Structures are given as C-alpha cells and as structure tokens.
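Here the structure comes first, spelled out in structure tokens, and everything after it is commentary.
The values are calculated or read from the model by the stated rules, or taken from the named source; none is laboratory data. Every value quoted in this text rests on a predicted model; they were computed, and no experiment measured them. Here the Cβ is made from the backbone with ideal geometry for all residues, glycine too, and neighbour counts use every protein chain on show. What goes into the accessible areas is simple: the full protein's heavy atoms, side chains included, and nothing from ligands, DNA or RNA. Shrake-Rupley method; radii C 1.70, N 1.55, O 1.52, S 1.80 Å.
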Amino acid sequence: MKIQTSGSSSAPAPAITGHTGLICLLGSPCAHSISPMMHNAAFRALGLDYRYLAFDVNEQALPDAVRGLKAMGVRGFNLTMPDKNKMVALCDELSPAARLIGAVNTVVHENGRLTGHNTDGAGYMQSVKEAGYDIIGKKMTLLGAGGAATAILVQAALDGVKEISVFLRKTSRFYQRAEKTAEALMEQTAAKIRLCDFSDQKLLKSELADSAILTNATSVGMAPNENACPIPEPSFLPDGLIVSDIIYNPSETALLKMAKSRNLPAFNGAYMLLYQGAEAFQLWTGKEMPVETIKAQFF
C-alpha cells in the first residue's frame, strides 16, 4: 500500500471560529509529515471544530514551545524526532507505555496538566491485527532498539507476546537503555526478552527459525537506500514467518521483496502510521478516528 500525500473529502471544513481548537505536531523536520492531512480529514469527516498544524521545533526550542502551547490552552499535540525523548521531562504525567519506552509522541492537555503517551507501539500492534495476524502468545524477532523499536517492544510485551528476541549492535548507543527496558518488562509482564548481537548471523537465523513474526524497526531499506536489507539472504526466512517492516517509503522494501520471493506473508509500516494517529485522535477527542475514510483518501 502506498501513502498518498493528498486526498479529497466530500465533507466541507467547518469555518474557523473563536472556539476552534488547536492540535499540532512538533518536530524538526516535520514538513513532510502526512499527520496534518490525516487528522484534518478526520476532523472534517466527524464535524469536529479542530485544526491540526505542524511546527518545526527542535530540542532546544521545545521547552519554550510547550510552555506556549500550554498557556494557550491547546487540546494536545504530537511529537516526532528529535523531540520524543525530551518531552518526557516536560510532562506532568506519563502513561505506563510512555514511562517504559522513555519517549512521548502524544500529549493530552487537560486542566492545566500535560499527560504524555506513546501510541507508536499500539499503532504497530493494531497494524498486525489489520494485516490479519494474531501474534499474542507467540514469538517475535525484533530488529533495532531505537525509539520505534522500543515502543514496539514495550507494547508487544504489554499485549501478551510471549517471547521477543531483540537484535541490536552491542556498540549501539541504545544498548544500555535496551537492557533496562528488557529488565523492566520482564518484571512487569510474562514476556521473555532476549537481547542479541546483530552481527551474529548464526544466532539471527536460529532465532528466526521458531519466530512467528519478524519486525524490522531499523531504518535499513528506507529511501534513498532502498536496496539495503537487514537480512543477509532469503534462506534466513523460514516457511510461515510473517515479515513486517515499519518503513513505508518505499512501500515495498528490499526485505519485503525478499519475503515475497519466499511466498511469505508481509506488510509495511503504512498502517502503523495510521493507527498510531488513530490512538492519538481518540485520546484528544474521545472519538474513534474514521479510519476507513482516512484509508480511502491517503492509503
């Protein structure tokens, strides 16, 4: 599936009034994001008096921006890179997932208090269901330990994925954080989590052999490096393995092409993007995003 950068809606946009609420995206860069189009289309479809705008705000400017948004009484906002980690300290409260992940991508403002959430992992788990698969009680092999990978790791464990093998470089700047996250999750959930060295190809093949799903949460294969693949060769992918990639540009990565060559079920990250947005939408408005309408316009 390809994400469209434009869409049309038969529902007219409500006029902006003195009552119109602001919801926004903070990050740098953020001009490429489809979140404004997606959320504004959802507001139009439901006749909600909100507008969603994107503002280029880096880590240094984030505290000032957050104070300003809070003073203005905005309903909430999203954060993208590089602001997700820094936002943690600027919140009054954190959801359990945001606390475990150590990153916030959605903030709800209510009664002068900012509550930080992380909807990335929930968006990924919903995208798995949307693709038609049930991985609860099964094993996942997860590639990466950055922000998106950590969100997926946390939510998968919270939702009941039985075993998760996380592959990352031992030299990674995220390694210590991954150790702490794994320890916390094993204390709070029934999940068995194993950190594995990405350079150990024999171990990678062995872990994939009894996994239900492979999740690539690295940037390997993202445009403009479309030919890169995190898996060395097709023989690493056993029969029946579900292959997922959180990348959506290109819509079919080298990894997904490899899975296709093995006739394996596979899907990209487009619906993770959709459903993390839908989770945020509900937190702000109390209403379900009309996802079928958004799919028809943009996905």
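So, in segment 163-211, of the ones that are in a loop (DSSP other than H, G, I, E, B) and either charged (D, E, K, R) or under 20 Å from the mean Cα position of the chain (by Cα) (or both), which residue ends up surrounded by the fewest Cβ atoms within 10 Å (Cβ to Cβ)? Lay out the reasoning, then the answer.
Here is the first cut: in segment 163-211, the ones in a loop (DSSP other than H, G, I, E, B) are 169-174, 189-191, 198-200, 210-211.
Now narrow it down to the ones that are either charged (D, E, K, R) or under 20 Å from the mean Cα position of the chain (by Cα) (or both): 169-170, 173-174, 200, 210.
Numbers: 169: 13, 170: 11, 173: 9, 174: 16, 200: 13, 210: 13.
Applying the filter and picking the extreme gives 173.
Given (1) open to solvent by 10 Å² or more (accessible area, probe 1.4 Å); (2) in a helix (DSSP H, G or I), identify the lone condition not met by residue 156.
(1)
Being part of a loop (DSSP other than H, G, I, E, B) and free of Cβ contacts under 8 Å to residues at least 12 places away in the same chain is the filter here; which residues of segment 48-77 pass it?
60, 61
Looking at segment 220-250 only, could you name the residues that are touching a residue at least 60 places away in the same chain (Cβ under 8 Å), among the polar types (S, T, N, Q) and open to solvent by 50 Å² or more (accessible area, probe 1.4 Å)?
Matches in segment 220-250: 249 only.
Tell me yes or no: at least one residue of segment 213-236 is of a type in the set (Ser, Thr, Tyr) and in a loop (DSSP other than H, G, I, E, B).
Keep residues of segment 213-236 that are of a type in the set (Ser, Thr, Tyr), which gives 215, 218-219, 235.
Still in the running and in a loop (DSSP other than H, G, I, E, B): 218-219.
Yes, some residue in segment 213-236 is of a type in the set (Ser, Thr, Tyr) and in a loop (DSSP other than H, G, I, E, B).
Is it the case, given these coordinates, that residue 67 is basic (Lys, Arg) and at pLDDT 95 or above? Reasoning before the result, please.
Working: basic (Lys, Arg): yes; at pLDDT 95 or above: yes.
Here the answer is yes, as residue 67 does meet what is asked.
Take the residues in segment 78-133 that are in a strand (DSSP E or B) and under 24 Å from residue 248 (Cα atoms), then tell me which one is most open to solvent (accessible area, probe 1.4 Å).
Step one: filter segment 78-133 for residues in a strand (DSSP E or B), giving 78-79, 93-94, 106-110, 113-117.
Narrowing the set further to residues that are under 24 Å from residue 248 (Cα atoms) leaves 78-79, 106, 117.
Details: 78: 10, 79: 6, 106: 0, 117: 39 Å².
So the residue we want is 117.
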